[in-house]
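Remarks on the structure that follows.
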Amino acid sequence: MVGENSSRQMAAVLNFTGEPTDDYMKQIKEFAEKAGLKNIAVTVTADADQFKVSDDAALTVMHYRNKVVRFNLAVDDQGLADADVVKKIVEGTKEILK
């Protein structure tokens, strides 16, 4: 989706939280390669508080437009494999493409 909308300046960042140790960075790089991520910047931040994500969430998805959050979804471990969650995330993308 990001590659298809690059002319609209759409970008994606996958931001892992934690200390960016060499081992953690290696794990993240391996994850990105295995997942076949394309057109997505992968990074690590030790300052998760700046993103105001839930400590209980296994995954938080935020869609921004002009530095304003247009979509925010926190997902627990059980929701990671839920097709409805994926659908919500894709539908949320429409908010930043308007």
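Could you compute how fast region 48-98 diffuses translationally, taking Rh as the Kirkwood radius over C-alpha pairs and applying Stokes-Einstein at 37 °C with viscosity 0.692 mPa s? Give it in µm² per second. Value of D from the Cα-based Kirkwood radius: 284 µm²/s.
Restricting to Cα pairs below 8 Å that are 6+ residues apart, what does the relative contact order work out to for the chain? Please round to a whole percent.
Working: 102 pairs, mean separation 21.1, N = 98.
22 percent.
Based on DSSP H runs of at least 4 residues, each adding -39500 (n - 2.57), what is the mean residue ellipticity at 222 nm of the chain after dividing by all its residues, to the nearest 500 deg cm²/dmol? List each step's numbers first, then the result.
Details: 2 runs with 29 residues, N = 98.
Only helices count here, giving -9500 deg cm²/dmol.
Does region 1-50 come out rounded, prolate or oblate, given a ≥ b ≥ c as the square roots of the eigenvalues of its C-alpha gyration tensor, rounded meaning a/c under 1.5 and, failing that, prolate meaning a/b above b/c? Oblate, since a/c reaches 1.5 and b/c is not below a/b.
Suppose every K and R has +1 on its Cβ and every D and E has -1 on its Cβ; what is the size of the dipole of the chain about the Cα centre, in Debye to the nearest 20? Intermediate results must be reported in sequence, preceding the final value.
On the way: 13 positive and 16 negative charges, 160 e Å.
Approximately 760 debye in magnitude.
Gain on full extension, evaluated as 0.36 nm per residue between Glu4 and Lys29 minus their Cα-Cα distance, stands at 6.6 nm. Sites listed here are trypsin sites (Lys or Arg not before Pro) in region 1-56 whose DSSP assignment is loop and whose Cβ has at most 14 other Cβ atoms within 10 Å: Lys38, Lys52. Can you tell me the 0 to 90 degree angle between the C-alpha axis of helix 22-35 and the longest principal axis of the chain, rounded to 10? The angle comes out at about 40 degrees.
Using only alpha-carbon positions in the chain, the gyration tensor eigenvalues give semi-axes of 22, 17, 15 Å once each is multiplied by 5 and square-rooted (largest first).
Only the coordinates and a few stated rules stand behind these numbers; no lab work does. A quick note: this is a predicted structure, and the numbers were derived from the prediction, not measured. Cβ coordinates were reconstructed from backbone atoms using ideal geometry, including for glycine residues, and neighbour counts include every protein chain displayed.
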